[in-house]
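Undergrad: Take a look at this one; I'll ask things after.
The values are calculated or read from the model by the stated rules, or taken from the named source; none is laboratory data. What you see is a predicted model; the values in this text were computed from it and never measured. Note that each Cβ is placed from the backbone with ideal geometry, even for glycine, and that neighbours are counted across all protein chains shown. Surface areas here come from the heavy atoms of the whole protein model, side chains and all, with no ligands, DNA or RNA. Shrake-Rupley method; radii C 1.70, N 1.55, O 1.52, S 1.80 Å.
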Amino acid sequence: MLDSFDDVLTHLGTGKWNIFHFIACAYGNILVTPHTLGRPFLAPKLDFTCLYDDNDNTTLIPAASSGFWSTNDNATNDFLTNSTNGEECRRLVETENGMMWQRCSHWHFDNTTFTSTITSEFELVCGREHLRTTYQSLYQLGCLIGSPLSGFLADRYGRRSMIRVSSVLYIIMALGTAWLTDLNALIGIRFIMGICHAVILIITYILAVEVAEPRRRAALGLSIYLVWAASLIAWGGLGYLLREWRLLQFVGSIPGLLFLPMLWLLDESPRWLMVTGRHREALVVLRKAARWNNVHIQLPEEELIELMTKETVNKENQESIFSLKTRITSYLNEVLVLVKTPYLRKITFCTNINFCMGSMVYFGLSLSGSTLSHNPFVYMALSGLMEPFHDLTIIIYSLTDSSFHPPINSLTHLFTDLPVLYVNGVCPSDVDWAVMTLAMLGKMTNTAAFLVAFFYASELFPTEVRSRGIGTCSTSSRIGSIIAPYILDLVGTSHSWAPSLVFGVASVLAAGVTQLLPETSGAAMPETVADLE
């Protein structure tokens, strides 16, 4: 006798049907990698030489109006190389009207590493440097917006439908942007791609978990992200082979075409069909799963429908549950709940700081290949090799029986902090192998800290508000990923050592706030906010 839908999935077991859906869902990570962490190859920071046209008077600015007067001897040279004080973008010249600043009329870029980049093609230097940062941050902003939106879309229109729509749009835009000649259109489309990115990754994860038998869910959910690590390694290799940004992005996006046949073979989540009352369609999917897995469900059709009916959402409440207005109102109420009581407010504040700082450091290290290493391709590949170490963290975490959460989380943040601070005199920047080693140690411990923080937060928040708490933490992590490029570019341009200092301090801050949280080892997980308080 089967008492729940999980029992049906257990009876189906894990066979070809489940494995196919897992592979298809995991493939989404390959689809998004070249665009999520593509900036080190597509729009890297480049050395350049500022060139001037003595006959172009439109590049002249009165020196007094700029509020900047240089005593640098290089200010009178015909060519100024890239520096950290902004003078690489202008020179001081004497004219009939007095001293004038002359802006660059065009630039010569260092093409030693890359043949062509977005940076050089669209001249994203001097007054346009911020657009290179926006290129990355708008994508992450799209992910921030797409994360809560994906839940509404998946519950309203189904997992399979949204995976299909978002994946096809993403593939078209990924291939199309490789040939765009307008920078504003390129950046704008990346924002839309960021929204699709969130929908693809979140909903494919949901679908993979919902079609898995209960005892395999954790392993499958974790294994999906191993594909992310493998795709980072492959991206590093592809970047090494192709140094022209348009060709690199186009070739890196072609694997998305292989995803299209999988999309049309995907089945809708039978659990979602059950919850929305579409029992006959759920039965069709279950029969297909049983056929692919070579098993036979030992229940009559009527009994299966009766079982699913017990777990179906009430028809009268279905529309209101899935409406966007209700979702937004509910989300705002959920966020307010997390700060209404003192103890829960403390947990919310500390965990959100932890996630924001952890994500900021993660993307800061991931996007630093061109500044932390003379070989950004090896840096990207090694960065991918560091990702699976969070699996080791899970094993250690389980062996400790969930003990010593604050110390483990704080130590991993501190071990991230130590390597990241190498710029500030700890390690000579010209010793490439040492810099690379320290950066990879920082990446490894950062991913470990992030994962421990996720499990720890799930035990801190009461069951009553756990999903809300984790949801706000996810939002905070996206904010960190948006901030990271600005720290690298805007702060790093003025002071090359500053980003490492900021990321190091961020790790210390994350470690510090974790120590304000309680140990959950041996304590029952709180069920309600009242229990927690």
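Undergrad: Residue separation times 0.36 nm, minus the C-alpha to C-alpha distance between HIS495 and VAL337: what's the value? Could you put the intermediate results ahead of the total?
TA: Details: separation 158, 0.36 × 158 = 56.88 nm, distance 4.14 nm.
So the extension gain works out to 52.7 nm.
Undergrad: Sticking with this one: Starting from the 7 Å offset along Cα-to-Cβ, what nm value, one decimal, do you get for the label separation of THR49 and LEU258?
TA: 4.3 nm
Undergrad: Okay, moving on. How many nm separate the modelled label positions at SER105 and VAL295, each set 7 Å beyond the Cα in the direction of the Cβ?
TA: Once both label points are built, they end up 7.5 nm from each other.
Undergrad: Convex hull volume of the Cα atoms in region 200-300, per residue, in Å³? If you can, show how the numbers build up before the last one.
TA: On the way: hull volume 13.6 nm³, N = 101.
It comes to 134 Å³ per residue, whole-number rounded.
Undergrad: Would you list TRP17, TRP264 from the most to the least accessible area, probe 1.4 Å? Walk me through the numbers on the way to the answer.
TA: Values: TRP17 0, TRP264 155 Å².
Ranked list, largest accessible area first: TRP264, TRP17.
Undergrad: In addition: With a Förster radius of 25 Å, plug the Cβ-Cβ distance of TYR486 and CYS126 into 1/(1 + (r/R0)^6) and report the FRET value to the nearest 0.05.
TA: Values: r = 17 Å, r/R0 = 0.68.
Taking R0 as 25 Å, the efficiency between TYR486 and CYS126 is 0.90.
Undergrad: Extending each Cα 7 Å along its Cβ direction at ALA434 and ARG280, get the distance between those two points in nm, one decimal.
TA: 7.3 nm
Undergrad: Another one. To the nearest 20 debye, what charge dipole does region 209-277 have about its Cα centre, counting +1 at the Cβ of each Lys and Arg and -1 at the Cβ of each Asp and Glu? It would help to have the intermediate numbers written out before the result.
TA: On the way: 6 positive and 5 negative charges, 41 e Å.
Magnitude of the dipole: close to 200 debye.
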